[in-house]
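*Asks:* What follows is a single structure, and I will ask about it in a moment.
The values are calculated or read from the model by the stated rules, or taken from the named source; none is laboratory data. Predicted model only: the values in this text are computed from it and were never measured. Positions of Cβ are backbone-derived with ideal geometry, glycine not excepted, and every protein chain shown enters the neighbour counts. The accessibility values were calculated without ligands, DNA or RNA, using every heavy atom of the protein model including side chains. Shrake-Rupley method; radii C 1.70, N 1.55, O 1.52, S 1.80 Å.
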Amino acid sequence: MSLKVTMLGTGVGVPQPGRSQAAVLVENDQTLLLDCGAGTLLRLDEVGVDLEALDTVVLTHLHLDHVSDLLALANARYLADMPGLQIFGPQGTEVYFRIAKSVYPNLEKMTVAVQELKPMDSFTLKGFDIFAEEARHSVTALAYRLEAEEKVVVYSGDTEPCPRVAALAKEADLLIHECSFPEPFDVTNHTTPKKLGSMIKNLGVKRVVLTHLYPQAQGCEDEMAEQVIELSGAPTIVGWDMMSVVI
Ligand SMILES: [Zn+2]
Ligand SMILES: [Zn+2]
């Protein structure tokens, strides 16, 4: 059986045409959502996902472009009389929901579980063996390696290239890595194509999809993918909203 990965949102906190905020849908015979930025609810509907099946969300970090639609998704299920969401996320996720509950008391019914994860936690969820690792970002952030059907999907969340995420990506069938800015931007906490290409060189990554693009990347998409390929040799494309990859 194959895994289907759909880039629901490939954008960031700055609005731009065609790219809603961060979200990735991973499906085997079950459905798992990674991040839930603004626009995700609409994208889920556009790709025809049954909300009934979508009961679990794993967050990389709590920046708004990764969580803005989370309460909206929980509310949509609540309004449709579905059981609450289970939510996994990094340190801070429990406080986030505790504060939200003080504003939205019925959030109690919208969520069945909120669980915090630490780097190097491993667990099984919805048919996936998942390993969490520390990303290098401006706030506490996790990257994830998901294994199912003898396939490996790695999602970086927001990060600058770092050894831990590199180790996580080793021999992945699909690496979904953020590539926020084109060259020659000099950024911390995020990734540019040449740094990513250098990082994944010799890692045996079979396929790369770039995501989390800032508006500055508009018009540079092909060049960004080529720069990653040139340095890493790994087949690389720039992700677009609602693009699916089957591995
Ligand atoms: Zn972020
Ligand atoms: Zn972000």
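*Asks:* So, with a 1.4 angstrom probe, what is the percent of accessible area on segment 24-81 that is carbon and sulfur?
*Replies:* Details: 990 of 2100 Å².
Using a 1.4 Å probe with all protein chains present, segment 24-81 comes out at 47 percent carbon and sulfur.
*Asks:* Which aspartates and glutamates, if any, have their Cα less than 19 Å from the Cα of K118, not counting same-chain residues under 8 positions apart?
*Replies:* The reachable aspartates and glutamates, counting only those whose Cα sits under 19 Å from K118, are D35, E94, D129, E133, E134, E147, D158, E160.
*Asks:* Report Rg(Cα)/(2.2 N^0.38 Å) for segment 12-146, keeping two decimals. Intermediate results must be reported in sequence, preceding the final value.
*Replies:* Numbers: Rg = 14.1 Å, N = 135, 2.2 N^0.38 = 14.2 Å.
Rg over 2.2 N^0.38 Å, computed on Cα atoms: 0.99.
*Asks:* Same structure again: Heads up, I need the accessible area for R136: 1.4 angstrom probe, whole protein in place, Å², nearest 10.
*Replies:* Probe radius 1.4 Å; accessible area of R136 about 110 Å².
*Asks:* I've got another one for you. Over the chain, what is the percentage of antiparallel beta bridges among all DSSP beta bridges, to the nearest 5? Numbers along the way, then the final one.
*Replies:* Working: 28 of 48 bridges.
Taking every DSSP beta bridge within the chain, about 60 percent pair in antiparallel fashion.
*Asks:* Rounded to a whole number, what % of the accessible area of segment 170-247 do carbon and sulfur atoms account for, probe 1.4 Å? Let's see the in-between values first.
*Replies:* On the way: 1760 of 3440 Å².
It is 51 percent, rounded to a whole number.
*Asks:* Using a 1.4 Å probe, what is the accessible area per residue for the chain, in Å²? Intermediate values should be presented prior to the final figure.
*Replies:* Details: 10440 Å² over 247 residues.
I get 42 Å² per residue for the chain.
*Asks:* If r is the Cβ-Cβ distance from K109 to E183 and R0 is 41 Å, what FRET efficiency results, to the nearest 0.05? Intermediate values should be presented prior to the final figure.
*Replies:* Working: r = 48 Å, r/R0 = 1.17.
My answer for the efficiency is 0.30.
*Asks:* How far apart, in nm, are two points set 7 Å out from the Cα along the Cα-to-Cβ line at Q91 and at S244?
*Replies:* Here the answer is 3.9 nm between the modelled labels.
*Asks:* Using only the alpha-carbon atoms of segment 172-236, report the extent along each of the three principal axes, biggest first, to the nearest angstrom.
*Replies:* Sorted largest first, the three principal extents are 29, 20, 18 Å.
*Asks:* Calculate how steeply helix 221-232 sits against the longest principal axis of the alpha-carbon atoms of the chain, using the helix alpha-carbon long axis, and give the answer as 0 to 90 degrees to the nearest 10.
*Replies:* Here the helix axis deviates by roughly 70 degrees.
*Asks:* Still on this structure: Tilt of helix 93-103 relative to the longest C-alpha principal axis of the chain, in degrees (0 to 90, nearest 10)?
*Replies:* So the helix axis and the longest Cα principal axis differ by about 40 degrees.
*Asks:* Under unit Cβ charges (Lys, Arg +1; Asp, Glu -1), what dipole magnitude, rounded to 20 debye, does the chain have relative to its Cα centre?
*Replies:* Here the chain has a charge dipole of around 400 debye.
*Asks:* Continuing with the same structure: Per residue Cα convex hull volume for segment 4-246, in cubic angstrom?
*Replies:* Details: hull volume 26.2 nm³, N = 243.
Enclosed volume per residue, from the Cα hull, is 108 Å³.
*Asks:* Continuing with the same structure: So how many Å³ per residue does the convex hull of the Cα atoms of segment 91-205 work out to?
*Replies:* On the way: hull volume 13.2 nm³, N = 115.
Spelled out: Cα convex hull of segment 91-205, divided by residues, is 115 Å³.
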